Every structure is written in structure tokens, then in C-alpha cells.
Amino acid sequence: QVHMVESGGGLVQAGGSLRLSCAASGGTFSGYAMGWFRQPPGKEREFVALVNWSGSVTEYADSVKGRFTISRDNAGNSVYLQMNSLKPEDTAVYYCARARGRYSQQLHNYDFWGQGTQVTVSS
């Protein structure tokens, strides 16, 4: 059973930055793609960013492209999301997740999820 814990969320002013971390334990990490998703208040969970097993492939939602950067450290069983130029519409609970197989932007292709970390961006 893979266990993942997100950290690094908080309250930040618009234009600021945060770095989210996700630490995985209890299972295989390095051979799987990882993703970040978010769920804004009153809305469905949505894709934010993904990285393949080696870190050579990354994909981003159009809404965060150019502002967010996903990275991973396989030796440390961790994945990160650097968020710059934050906007109020980035306010959400952010989740990391492990893909079942090949990298995908679809939620149903991820089988293990963290508990989430709240990011609030004030205007």
C-alpha cells in the first residue's frame, strides 16, 4: 500500500509563490508517473501537472502553464510542485497521486492519492 503525504500549502498573496512537496512511502515510487491535481471550492477535482517516471516528460494544465513546475526526486521518493505568480483562482486543495501505469491527465488513471494540502491565494 502506497502512502503519500502532501505539504507546503498555506495562505499567500496574489503574485506570490509556494512549493508543494509530496512524500511517498510503502511501495514503489520510481517506476510510476506522478501527478498533481486540485479541487477548488465547490468544483470537481482537476488535473494540474504530471511527470513521467524518469522526469523526462512533464505536462501541465493550460491554466498553470508557464507558472507551475513539477519535478521529482526518485532517490527521495518525492515529487514537487513549484507554483509562481499565484492567482486567486489557484485557491484549492492540492493532491498528489501515483499513476497506475503510463502518464495520464485523467483522474481515473491514478490509484493512490494523498490527503491534500490547502492553498489559498488572497487578492
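The values are calculated or read from the model by the stated rules, or taken from the named source; none is laboratory data. Since this is a predicted model, take the numbers as computed values, not measurements. Because the Cβ atoms are built from the backbone with ideal geometry, glycine has one as well, and the counts that use them run over all protein chains shown. Side chains included, ligands, DNA and RNA excluded: accessible areas come from the protein's heavy atoms. Shrake-Rupley method; radii C 1.70, N 1.55, O 1.52, S 1.80 Å.
Residue-by-condition table, conditions (1) touching a residue at least 60 places away in the same chain (Cβ under 8 Å); (2) over 18 Å from Val121 (Cα atoms):
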| position | (1), (2) |
| --- | --- |
| Cys22 | yes, yes |
| Thr28 | no, yes |
| Pro41 | no, no |
| Tyr60 | no, yes |
| Tyr94 | yes, no |
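Name the strands (runs of 3 or more DSSP E) wholly within the stretch 23-123 that hold at least 1 residues that are aliphatic (A, V, I, L, M), at pLDDT 95 or above and open to solvent by less than 60 Å² (accessible area, probe 1.4 Å)?
Values: elements: 34-39, 46-51, 58-60, 68-73, 78-83, 92-99, 110-113, 117-122.
Hits in the stretch 23-123: 34-39, 46-51, 68-73, 78-83, 92-99, 117-122.
Show the residue pairs meeting these rules: Cβ distance below 9 Å; 6+ apart or different chains; first residue within the stretch 100-112 and over 13 Å from Phe29 (Cα atoms); second residue open to solvent by 50 Å² or more (accessible area, probe 1.4 Å) and of a type in the set (Asp, Glu).
Listed pairs, sorted by first residue: Tyr103/Glu59; Gln105/Glu59; Leu107/Glu44; Leu107/Glu46.
Can you find even one residue in the stretch 5-13 that is farther than 12 Å from Thr91 by Cα, touching a residue at least 24 places away in the same chain (Cβ under 8 Å), open to solvent by less than 50 Å² (accessible area, probe 1.4 Å) and assigned to a strand (DSSP E or B)?
Filtering the stretch 5-13 down to residues farther than 12 Å from Thr91 by Cα leaves 5-8.
Narrowing further to those that are touching a residue at least 24 places away in the same chain (Cβ under 8 Å): 5-8.
Next, only the ones that are open to solvent by less than 50 Å² (accessible area, probe 1.4 Å) stay: 6, 8.
Now drop any that are not assigned to a strand (DSSP E or B), which leaves 6.
There is at least one residue in the stretch 5-13 that is farther than 12 Å from Thr91 by Cα, touching a residue at least 24 places away in the same chain (Cβ under 8 Å), open to solvent by less than 50 Å² (accessible area, probe 1.4 Å) and assigned to a strand (DSSP E or B).
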